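What follows is a short report on a single structure.
The values are calculated or read from the model by the stated rules, or taken from the named source; none is laboratory data. What you see is a predicted model, and the numbers here were worked out from it, not measured in a lab. Cβ atoms come from the backbone with ideal geometry, glycine included; neighbour counts cover every protein chain shown. Side chains are part of the model used for accessible areas, which takes the heavy atoms of the whole protein and leaves out ligands, DNA and RNA. Shrake-Rupley method; radii C 1.70, N 1.55, O 1.52, S 1.80 Å.
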Amino acid sequence: MDLCDFEEDNTKSCVVGSEVPDVTKGEPCCLGIDEAGRGPVLGPMVYGICYCPLSGQDRLKDMGFADSKTLTEEQREKLFEAIAGAGEFMGWTIHILAPNAISNCMLRRSKYNLNTLSHDTAIGLIQRTLDSGVNLQEVYVDTVGDASKYQDKLKGIFPDLDITVTPKADAKFPIVSAASICAKVARDRAVKGWGFFEETEDSAISRKFGSGYPSDPDTKKWLAGMVDPVFGFPQFVRFSWSTASKILDDKAVPVNWDDEDEDEKAATPSVLSFFAAKGEDPKQKKHQYFQERFLHSVTDFGS
């Protein structure tokens, strides 16, 4: 797994994958999708896929895949070596979503939450696999949000595929477990080899940031110590997470943005004003129908 491109510029998301095995272009194949690093406030989120011929599923079971969260880092690395060593019948791809890319998506004006980002990433990986020539027939996905709605969404986009979306898919289907291994190994390596471009000779950045989860005391302590009152956090931090934003509210300098658009909007006259006589309110002008018939509003019916 070569992460050189991401390590050179970890401000941008990155896609890395294996060669496509020839056998997967001919035989009907299954594909599993899972992610790693959805919850942490630190580091990237990684989506991983694995695919292989349907005829090779027994071989998958013999390889001993399990949910990556239940395994040690050493066990995950060994299982990934097994995946890489089975390149004649098994392929994989990972999509690393950089922390600042995640936050930029979630904080943009048009609503785009983490679930939508996750769905779009999974859809992109499926399409990428189809475009590479894999004879894909079955897809198994560890759900994000409502499983039935997510499944319907995927089936609407890929009507020719047999798609199963379910919670705990990594514990139910070996191909999803394999995808989980790829995603977790990639995130482990990305976090361990993270280059802090904000670091200088005079200001070293501590690597004692704990697990990266918001509830971790070591992570909270690291965040509180790393905030700059003007520039905020290093790009290792997902600044859209509430844990980070609360620290910014407490320790960073307040910033007030003048909304020039509102000022311009208030000063810009209505287009109707250009067609009205001077001193006449265009909104009060009667429609031609009422003018031609000399019809007026009645305010008093008399006695």
Compute the separation of the alpha-carbon centres of region 29-51 and region 134-165 and state it in Å as a whole number.
16 Å
What is the distance in Å between the Cα centroid of region 83-112 and that of region 199-223?
23 Å
In Hz, Karplus ³J(HN,Hα) per residue of region 120-136 (6.51, -1.76, 1.60; θ = phi - 60°; x = Gly, Pro):
5, 5, 4, 4, x, 5, 4, 4, 4, 5, 4, 5, 7, x, 5, 7, 7
What FRET efficiency comes out for Met63 versus Arg109 if R0 is 51 angstrom and r is the Cβ-Cβ distance? Round to the nearest 0.05.
0.65
Tabulate in residue order the Karplus-calculated ³J(HN,Hα) for region 161-173, using 6.51 cos²θ - 1.76 cosθ + 1.60 with θ = phi - 60°, rounded to whole Hz; enter x for Gly and Pro.
9, 8, 10, 10, 10, 8, x, 6, 4, 5, 9, 9, 10
Accessible area per residue of region 1-50 at 1.4 Å probe, in Å²?
36 Å²
Can you tell me what share of the DSSP beta bridges in region 4-192 is antiparallel? A percent to the nearest 5 is fine.
65 percent
Table column - 3J(HN,Hα) (Hz), region 195-203, Karplus curve with 6.51, -1.76, 1.60, x for Gly and Pro
x, 8, 6, 7, 6, 10, 4, 8, 9
Taking 41 Å as R0, compute the FRET efficiency from the Cβ-Cβ separation of Lys149 and Val253 and round it to 0.05.
0.45
